Amino acid sequence: MPGDPKDQLIVGFFETPDKSIKIGDSWTETKLDTSTRSDTTMQIDQTHITDREIKYMVLGEEKKMGLDCLHIRSDSKYATQSWGTIRGSEMNSEGEGESSSHIWFAYKEGILVEFTVDNFYEGTQAFSGQMSGTSASSNESKSSLKLLKWIPRKK
């Protein structure tokens, strides 16, 4: 679901290329995620697929919270599909979105220090059965995640 913070922050957790990276470098990552949800209490059985392409670019090196960080920008385009049953009704949905993120990654410590994302999503959802109908939706959001305190481990 595009409103789920976990889905919005997925782009903040990335793998760097198998080569060393420097300012100005860029790379592209594609992800195909499939999840299922089954809840007999709420009578939901659903499959959800997200297909995304993310382009990363190293903008520079900056200090954040006293840590040397790579400042990385990412731009993502994604498409979602889901289907299943909810309380006995068939449900299908599809949509598309795009997001733009800024990531500050402390490379020596291997930790995410700050992450901001602007996200836009448009989709449609259709129900048939006891409940039937079609609805369109759009969602625009801004999210951020920030390390509040860093206590280095003593060696």
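The values are calculated or read from the model by the stated rules, or taken from the named source; none is laboratory data. From a predicted model like this one, the values you see are computed outputs, not experimental measurements. Please note: Cβ atoms are built from the backbone with ideal geometry, for glycine as well, and neighbour counts cover all protein chains shown.
Glu90 versus (1) part of a strand (DSSP E or B); (2) touching a Lys or Arg at 6+ places or on another chain (Cβ under 8 Å): which is the lone unmet condition?
Here Glu90 clears every test but (2).
What residue, of Thr50, Thr41, Thr36, is over 30 Å from Pro152 (Cα atoms) and in a loop (DSSP other than H, G, I, E, B)?
Result of the check over Thr50, Thr41, Thr36: Thr41.
Taking the condition of being among the acidic types (Asp, Glu) and either surrounded by fewer than 14 Cβ atoms within 10 Å (Cβ to Cβ) or not in a strand (DSSP E or B) (or both), how many residues in the stretch 97-125 meet it?
Result for the stretch 97-125: 1.
Filter the stretch 135-150 down to the residues that are more than 13 Å from the chain's Cα centre (by Cα) and hydrophobic (A, V, I, L, M, F, W, C), then identify the one that is farthest from Phe120 (Cα to Cα).
Restricting to residues being more than 13 Å from the chain's Cα centre (by Cα) and hydrophobic (A, V, I, L, M, F, W, C), the top hit is Trp150.
Could you list all residues from the stretch 109-136 that are within 20 Å of Trp83 (Cβ to Cβ), touching a residue at least 24 places away in the same chain (Cβ under 8 Å) and among the polar types (S, T, N, Q)?
Thr124, Gln125, Ser128, Gln130, Ser132
Can you pull out every residue in the stretch 137-155 that is among the aliphatic types (A, V, I, L, M) and either touching a residue at least 60 places away in the same chain (Cβ under 8 Å) or surrounded by 11 or more Cβ atoms within 10 Å (Cβ to Cβ) (or both)? I'd like the intermediate steps shown before the answer.
First pass over the stretch 137-155, keeping only residues among the aliphatic types (A, V, I, L, M): 145, 147-148, 151.
Scanning the stretch 137-155 gives Leu145, Leu147.
Restricting attention to the stretch 2-33, which residues are in contact with a Ser or Thr (Cβ under 8 Å, 6 or more places away or on another chain), modelled with pLDDT under 80 and either closer than 17 Å to Ser93 by Cβ or in a helix (DSSP H, G or I) (or both)?
Pro2, Gly3, Pro5, Asp7, Gln8, Leu9, Val11, Gly12
Keeping to the stretch 66-81, report how many residues are touching a strand residue (DSSP E or B) at 6+ places or on another chain (Cβ under 7 Å) and in contact (Cβ under 8 Å) with a residue 60 or more places away in the chain.
4
Restricting to the stretch 121-155, what's the tally of residues that are modelled with pLDDT of 90 or more and β-branched (Val, Ile, Thr)?
2
So, in the stretch 53-62, of the ones that are within 16 Å of Ser76 (Cα to Cα) and touching a residue at least 40 places away in the same chain (Cβ under 8 Å), which residue ends up surrounded by the most Cβ atoms within 10 Å (Cβ to Cβ)?
The extreme case among them is Tyr56.
Modelled with pLDDT under 95, within 21 Å of Ser74 (Cα to Cα) and over 16 Å from the mean Cα position of the chain (by Cα): does that describe Lys108?
In short, yes.
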